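Here's the structure we're looking at; comments come further down.
The values are calculated or read from the model by the stated rules, or taken from the named source; none is laboratory data. Remember, it's a predicted structure, so these values are computed and weren't measured experimentally. Positions of Cβ are backbone-derived with ideal geometry, glycine not excepted, and every protein chain shown enters the neighbour counts.
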Amino acid sequence: MKKKAKVIVSIAIVFILICTLGGVVFATSNSKSNNKSGSTSNSRSNNASESTSNSESNITSNQMADLGKILSNAWKKTSHPIASKSDSKNQKNYAVGKNAVVGNQDIEIDTKFYKLNGISESEARSKAIKYEEQRQALYQAAIANGYSVTDKEVKDYLETLKATINSATNKDDVKSLISQFDSEDDYWKFEFKVYKKDLPIQKYVHSLEEKFNKKSSTDSLQSGGSSDNGEWTTQYEKIKKDLVKEQKYKMVK
């Protein structure tokens, strides 16, 4: 009998938020973990298609519910008319780059997520800003390099994600996250928007990883050495750093 995998939430890819709305990414425990912007195939959780170099973290049922509330609130703010000046303020941009935009709401949601891992508000916000700057830069690079996704691809991906969740040993924990939305249908509408932006990033990063690994393997054969799996992680971090630098982000006053 095939052993059920445990669904885990990846910090790196855990969600993507707003403007495209952040999403949670689920991945099976035997999947390759890498990233927030990812390179792997995932659930934005990591995989070889998203390739993000990030660690995965096991989150308790209560934390999953808390995360569900965060994402549900983000969905409501994005799918319904803004009701107050405070909400309107949250929708403003934090920074604008050459062609990438980092939203305040994205940072707010990411910060709350990082805090679930027990770190301080300031550290969580710092991580959130770094993540969003990288993610938005990666998305623009993906589009510029011809990586896109159809509605059918997103829907097919979500069907696979549903199957992963339903066969997971901790599916009840995941259900506690989904239950924070007004309906399960709302949750999947939310995830559709998330992956509409995330999947192009995954495709792009996966292509970069494949090219890097191919060249690394060739170089290793010529030199008589062996390739190091950690080399791609280092290279990926450099790619993200360079893309952010190219954007020349300026804070919005």
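Determine which member of the set 186, 151, 172 is in contact with a helix residue (DSSP H, G or I) (Cβ under 9 Å, 6 or more places away or on another chain), closer than 30 Å to residue 62 by Cβ, of a type outside the set (A, V, I, L, M) and surrounded by fewer than 13 Cβ atoms within 10 Å (Cβ to Cβ). Explain how you work it out, then say what you get.
Numbers: 186 fails: surrounded by fewer than 13 Cβ atoms within 10 Å (Cβ to Cβ); 151 fails: closer than 30 Å to residue 62 by Cβ.
Going through 186, 151, 172 in turn, just one is in contact with a helix residue (DSSP H, G or I) (Cβ under 9 Å, 6 or more places away or on another chain), closer than 30 Å to residue 62 by Cβ, of a type outside the set (A, V, I, L, M) and surrounded by fewer than 13 Cβ atoms within 10 Å (Cβ to Cβ): 172.
Scan the stretch 129-172 residue by residue and report those that are under 27 Å from residue 107 (Cβ atoms) and among the aliphatic types (A, V, I, L, M). Don't jump to the end; show me each part of the working.
We begin by selecting, within the stretch 129-172, every residue under 27 Å from residue 107 (Cβ atoms); these are 129-145, 147-149, 154, 157-158, 161.
If the condition is that a residue be under 27 Å from residue 107 (Cβ atoms) and among the aliphatic types (A, V, I, L, M), then 129, 137, 138, 141, 142, 143, 144, 149, 154, 158, 161 are the ones that fit.
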- Message: residue 199 - would you say it is more than 27 Å from residue 99 (Cα to Cα) and not aromatic (Phe, Trp, Tyr)?
- Response: no
- Which of (1) closer than 30 Å to residue 60 by Cα; (2) surrounded by 13 or more Cβ atoms within 10 Å (Cβ to Cβ); (3) hydroxyl-bearing (Ser, Thr, Tyr); (4) modelled with pLDDT under 95 is the odd one out, the single condition residue 220 does not satisfy? (1)
- Task: Give the residues of the stretch 116-128 that are modelled with pLDDT of 95 or more and in contact with a helix residue (DSSP H, G or I) (Cβ under 6 Å, 6 or more places away or on another chain), sorted by residue number.
- Result: 124, 125, 127, 128
- Selection from the stretch 97-132 of residues assigned to a helix (DSSP H, G or I) and either β-branched (Val, Ile, Thr) or crowded, with 22+ Cβ neighbours inside 10 Å (or both) yields 105, 106, 107, 109, 110, 111, 113, 128, 129, 131, 132
- Query: Filtering the stretch 188-202 down to residues that are in contact (Cβ under 8 Å) with a residue 60 or more places away in the chain and among the aromatic types (Phe, Trp, Tyr), which residue is farthest from residue 109 (Cα to Cα)?
  - Reply: 195
